[in-house]
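Working notes, beginning with the structure itself.
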Amino acid sequence: LVAAAVGYCGGYNFQHKEKITNGADSHTEWYFVHGGNDNPQNSGNAAKALREMGIRAVFRQLDGYGHTDIWDGQGHPDMTIVNDCRDDYVNWLRAIRHKTMELPAKDKEFMGRFEKSADSLLGNKATYLNLQRIGSVPAQPAIVLGLQSKNAGIRATAAESCLHASYGKAAADELARLAHDENDRVAATSLTALGVYANWHYPEALDALCGVVAGEKGESSKGPSAGERLLAVDGLAKAMRLAAHGNFEDKKVWWTLVRALDDDDVKIRASAFAALQRANKDPFGYVAGAVPAQRKDAVAKWTAWVTSKCGPAPEKEAK
């Protein structure tokens, strides 16, 4: 029984080609690390194949690295990038737990309580520590109940629990909805949790954050506030922190960050620029505080850069 798998370099050949029903919440997740100088497409294509089956996968390409230095850091100034990847996949592993292994009797009994006493249980913060310990899909039904609660405090506490555990697609869908909650605390906590899920490559989280940055209203009557949009940019920035070392597969995210360079809000512009600088040290003369006319040439250069990395903007590609 395997809870999750971490692959360093290597080659992969996943034989199954058809979409798996509920694959993301029923099958082993993968985390790939591959040097940019060592045929990174081996892991990149493997991650793509898994996602096409409906299985979640994380792919980290480290440009400037080869076959063994992705593990030992030999030949590089320090171990920062190597250790960042290790820390990231350890947190990822701890958050996933096990999806299919039968729960111990005491945990089955605990989860069974939610059928009759959900409201009282979800109002107790100790409940969420227990749910985080159980983790993943087995704890998902209770977390979803919390995220759907009529009580804003419970919704916020359930969203906060998602910072520490990967509860699956249903939880990610609820977080995406709550990003537009009328309660400020619920919306802010949900956006922060979506940043964590985006780092674990939940497509629902990536799409939701891009939508908030773009100003989409969702179920809200007012649309995202400036602070909520900034939280969404920060979430994308954190999710792309390791991707910035060489992986540009999430084109919608990178295009969202580049478009934010011309946003009306200087804080949004500055946060997006800081995220992009991790991937490209050349600022192209961009200054977040400059007026639109002064930003024009630099934004054009950033647009050319993102096109070279990701291809045309998603909506242009769809036409």
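For segment 223-236, what are the residues that are within 18 Å of Thr189 (Cβ to Cβ), surrounded by fewer than 23 Cβ atoms within 10 Å (Cβ to Cβ) and not polar (S, T, N, Q)? Working first, answer last.
As a first pass, look at segment 223-236 and keep what is within 18 Å of Thr189 (Cβ to Cβ): 224-236.
Checking the rest, the ones that are also surrounded by fewer than 23 Cβ atoms within 10 Å (Cβ to Cβ) come to 225-228, 230, 234.
Answer for segment 223-236, where residues must be within 18 Å of Thr189 (Cβ to Cβ), surrounded by fewer than 23 Cβ atoms within 10 Å (Cβ to Cβ) and not polar (S, T, N, Q): Ala226, Gly227, Glu228, Leu230, Asp234.
Within segment 15-41, work out how many residues are assigned to a loop (DSSP other than H, G, I, E, B) and more than 18 Å from the chain's Cα centre (by Cα). Step through it out loud before you land on a result.
Step one: of segment 15-41, the residues assigned to a loop (DSSP other than H, G, I, E, B) are 15-22, 27-28, 36-40.
Among the residues that remain, those that are also more than 18 Å from the chain's Cα centre (by Cα) are: 15-22, 27, 36-40.
Selection size over segment 15-41: 14.
Yes or no, residue by residue, for (1) closer than 19 Å to Lys169 by Cβ; (2) of a type in the set (Ser, Thr, Tyr):
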{"position": "Ala3", "(1), (2)": "yes, no"}
{"position": "Glu18", "(1), (2)": "yes, no"}
{"position": "Asn22", "(1), (2)": "yes, no"}
{"position": "Ser26", "(1), (2)": "yes, yes"}
{"position": "Ile55", "(1), (2)": "yes, no"}
{"position": "Gln61", "(1), (2)": "no, no"}
{"position": "Tyr65", "(1), (2)": "no, yes"}
{"position": "Asp69", "(1), (2)": "no, no"}
{"position": "Pro77", "(1), (2)": "no, no"}
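Would you mind listing the helices (runs of 4 or more DSSP H) fully within segment 264-319 where at least 1 residues are loosely packed, with under 13 Cβ neighbours inside 10 Å and among the β-branched types (Val, Ile, Thr)? Don't jump to the end; show me each part of the working.
Numbers: elements: 266-277, 292-310, 314-318.
The helices (runs of 4 or more DSSP H) meeting that bar are 266-277.
Scan Ala188, Ala172, Ala156 and give me the residue that is in contact (Cβ under 8 Å) with a residue 40 or more places away in the chain and not β-branched (Val, Ile, Thr).
Details: Ala172 fails: in contact (Cβ under 8 Å) with a residue 40 or more places away in the chain; Ala156 fails: in contact (Cβ under 8 Å) with a residue 40 or more places away in the chain.
The conditions single out Ala188.
If I ask for residues that are surrounded by 16 or more Cβ atoms within 10 Å (Cβ to Cβ) and assigned to a helix (DSSP H, G or I), which ones from segment 80-106 would you list?
Just the residues of segment 80-106 that are surrounded by 16 or more Cβ atoms within 10 Å (Cβ to Cβ), to begin with: 81-82, 85, 88-89, 92-93, 95-99.
Ile81, Val82, Cys85, Asp88, Tyr89, Trp92, Leu93, Ala95, Ile96, listed by residue number.
Which condition from (1) part of a helix (DSSP H, G or I); (2) in contact with a strand residue (DSSP E or B) (Cβ under 8 Å, 6 or more places away or on another chain) is the one that Gln61 breaks?
The failed condition is (1).
Would you point out which residue out of Trp305, Trp254 is over 19 Å from Val213 (Cα atoms), touching a residue at least 24 places away in the same chain (Cβ under 8 Å) and not assigned by TED's automatic domain parsing to the domain that holds Gly227? Full working, then the answer.
Working: Trp254 fails: over 19 Å from Val213 (Cα atoms).
The match here is Trp305.
Only residues in segment 114-129 that are in a helix (DSSP H, G or I) count as the first member; pair them with residues that are at pLDDT 85 or above and β-branched (Val, Ile, Thr), Cβ under 6 angstrom, at least 6 apart or cross-chain, and list the lot.
Leu121/Thr127; Leu122/Ile154
Quick one: what pairs do we get from segment 40-57, first residue farther than 19 Å from Ile96 by Cβ, second of a type in the set (Ser, Thr, Tyr), C-beta under 8 Å, 6+ apart or different chains?
Matching pairs, first to second residue: Asn42/Tyr12; Asn45/Tyr12; Ala49/Tyr12.
Only residues that are among the charged types (D, E, K, R), touching a helix residue (DSSP H, G or I) at 6+ places or on another chain (Cβ under 6 Å) and not in a helix (DSSP H, G or I): list them for segment 164-210, please. Give the derivation first.
If we filter segment 164-210 for residues that are among the charged types (D, E, K, R), which is where we start, we get 169, 173-174, 177, 181-182, 184-185, 204, 207.
Still in the running and touching a helix residue (DSSP H, G or I) at 6+ places or on another chain (Cβ under 6 Å): 169, 173-174, 181, 185, 204.
The answer is Asp181, and nothing else.
Residues checked against (1) crowded, with 24+ Cβ neighbours inside 10 Å; (2) assigned by TED's automatic domain parsing to the domain that holds Pro314; (3) farther than 25 Å from Ala270 by Cβ:
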{"residue": "Gly146", "(1), (2), (3)": "yes, no, yes"}
{"residue": "Ser149", "(1), (2), (3)": "no, no, yes"}
{"residue": "Gly153", "(1), (2), (3)": "no, no, yes"}
{"residue": "Thr157", "(1), (2), (3)": "no, no, yes"}
{"residue": "Tyr167", "(1), (2), (3)": "yes, no, yes"}
{"residue": "His180", "(1), (2), (3)": "no, no, no"}
{"residue": "Thr189", "(1), (2), (3)": "yes, no, no"}
{"residue": "Val213", "(1), (2), (3)": "yes, no, no"}
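Which one of Lys217, Lys281 is among the basic types (Lys, Arg) and not assigned by TED's automatic domain parsing to the domain that holds Gly311? First the steps, then the outcome.
Details: Lys281 fails: not assigned by TED's automatic domain parsing to the domain that holds Gly311.
One residue alone meets the criteria, Lys217.
The values are calculated or read from the model by the stated rules, or taken from the named source; none is laboratory data. What you see is a predicted model; the values in this text were computed from it and never measured. Glycine also receives a Cβ, built like all others from the backbone with ideal geometry; neighbour counts cover every protein chain displayed.
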